[in-house]
Amino acid sequence: MTGCSKKVLVFGYGNPGRLDDGLGPMFADEMEKLQFDCVTVDSNYQLAVEDAAAIAEHDIVVFVDADVSGPEPFHFDHVVPKEHMSFSSHSISTDALMAMAEDLLSSKAEAYILGIRGYEFNEFEERISPKAKKNLDEALSFMKKALEDCDFAKYVSRFGTENR
């Protein structure tokens, strides 16, 4: 499938064994099936400092994660690079990871976060709730349109939480 003329990295993260926390990896699995020419898909349990190298190879990065209390069905916001005084090699925030990619690897990537509203997180099982599945489907439809337009910034004002 064709799409955006820019190189896009879609990175879904979360723990599929914790119910709706698996929305990010599930989103990544579904994106992989769509086979957009311009999209590289990756997923993991969490973000790590090593992910800065992949970010630096792309023009746009969309981080996808479950959101415990955000708006339904999802929100879409800019990620502004921001250095943090410390970080763990086991987990790093999206803004710190983007700052690292900029500072160490001269990345110029635009970054966004797609937070998909989830509801069930406190048990151990590999499934998502019916309401979270509906939100996932809407987020996938949104991402297909955004990739066809290749103008991610215009969606922040419509779907983002920045101006709320």
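The values are calculated or read from the model by the stated rules, or taken from the named source; none is laboratory data. None of the values given here were measured: they were computed from a predicted structure. Glycine gets a Cβ as well: all are built from the backbone with ideal geometry, and neighbour counts include every protein chain shown.
Do the conditions hold for Asn135, that is, is it at pLDDT 95 or above and among the polar types (S, T, N, Q)?
Numbers: at pLDDT 95 or above: yes; among the polar types (S, T, N, Q): yes.
So Asn135 passes the test.
In this structure, does Val10 turn out to be in contact with a helix residue (DSSP H, G or I) (Cβ under 7 Å, 6 or more places away or on another chain), hydrophobic (A, V, I, L, M, F, W, C), within 26 Å of Ile128 (Cα to Cα) and surrounded by 17 or more Cβ atoms within 10 Å (Cβ to Cβ)? Walk me through how you get there before you give the answer.
On the way: in contact with a helix residue (DSSP H, G or I) (Cβ under 7 Å, 6 or more places away or on another chain): yes; hydrophobic (A, V, I, L, M, F, W, C): yes; within 26 Å of Ile128 (Cα to Cα): yes; surrounded by 17 or more Cβ atoms within 10 Å (Cβ to Cβ): yes.
It is true that Val10 is in contact with a helix residue (DSSP H, G or I) (Cβ under 7 Å, 6 or more places away or on another chain), hydrophobic (A, V, I, L, M, F, W, C), within 26 Å of Ile128 (Cα to Cα) and surrounded by 17 or more Cβ atoms within 10 Å (Cβ to Cβ).
Under 6 Å between Cβ atoms, at least 6 apart or on separate chains: pull out the pairs that start in the stretch 128-139 with a residue that is on the phi < 0 side of the Ramachandran plot and end on any residue that is of a type in the set (Lys, Arg).
Correct list of pairs: Asn135/Arg117.
Looking at the stretch 150-164, I want the residues that are surrounded by 11 or more Cβ atoms within 10 Å (Cβ to Cβ) and have a partner that is modelled with pLDDT under 65 with Cβ atoms under 9 Å, at least 6 apart or on another chain. Which pairs are those?
Once the first residue is surrounded by 11 or more Cβ atoms within 10 Å (Cβ to Cβ) and sits in the stretch 150-164, its partners that are modelled with pLDDT under 65 give Val156/Glu162; Val156/Asn163.
Please work out if Ala66 is surrounded by fewer than 22 Cβ atoms within 10 Å (Cβ to Cβ) and among the hydrophobic types (A, V, I, L, M, F, W, C). First the steps, then the outcome.
Working: surrounded by fewer than 22 Cβ atoms within 10 Å (Cβ to Cβ): no; among the hydrophobic types (A, V, I, L, M, F, W, C): yes.
Taking the combined requirement at face value, the residue does not satisfy it.
Do you know which residues across the stretch 43-71 are in contact with a helix residue (DSSP H, G or I) (Cβ under 6 Å, 6 or more places away or on another chain), part of a loop (DSSP other than H, G, I, E, B) and among the β-branched types (Val, Ile, Thr)?
Selection gives nothing.
Restricting to the stretch 28-42, name every residue that is touching a helix residue (DSSP H, G or I) at 6+ places or on another chain (Cβ under 6 Å) and over 11 Å from Leu9 (Cβ atoms).
As a first pass, look at the stretch 28-42 and keep what is touching a helix residue (DSSP H, G or I) at 6+ places or on another chain (Cβ under 6 Å): 30, 36, 41.
Of everything in the stretch 28-42, those that are touching a helix residue (DSSP H, G or I) at 6+ places or on another chain (Cβ under 6 Å) and over 11 Å from Leu9 (Cβ atoms) turn out to be Glu30, Phe36.
Could you look through the stretch 47-62, keep only residues that are under 11 Å from the mean Cα position of the chain (by Cα) and farther than 14 Å from Ser107 by Cβ, and pick out the one that is surrounded by the most Cβ atoms within 10 Å (Cβ to Cβ)?
If we take residues in the stretch 47-62 being under 11 Å from the mean Cα position of the chain (by Cα) and farther than 14 Å from Ser107 by Cβ, then Val62 is surrounded by the most Cβ atoms within 10 Å (Cβ to Cβ).
Conditions (1) at pLDDT below 90; (2) acidic (Asp, Glu); (3) out of contact with any His (no Cβ under 7 Å at 6 or more places or on another chain), marked per residue:
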| position | (1), (2), (3) |
| --- | --- |
| Phe27 | no, no, yes |
| Val49 | yes, no, yes |
| Ala52 | no, no, yes |
| Ala66 | no, no, yes |
| Pro71 | no, no, yes |
| Phe74 | no, no, yes |
| Lys82 | yes, no, yes |
| Ala96 | no, no, no |
| Ala101 | no, no, yes |
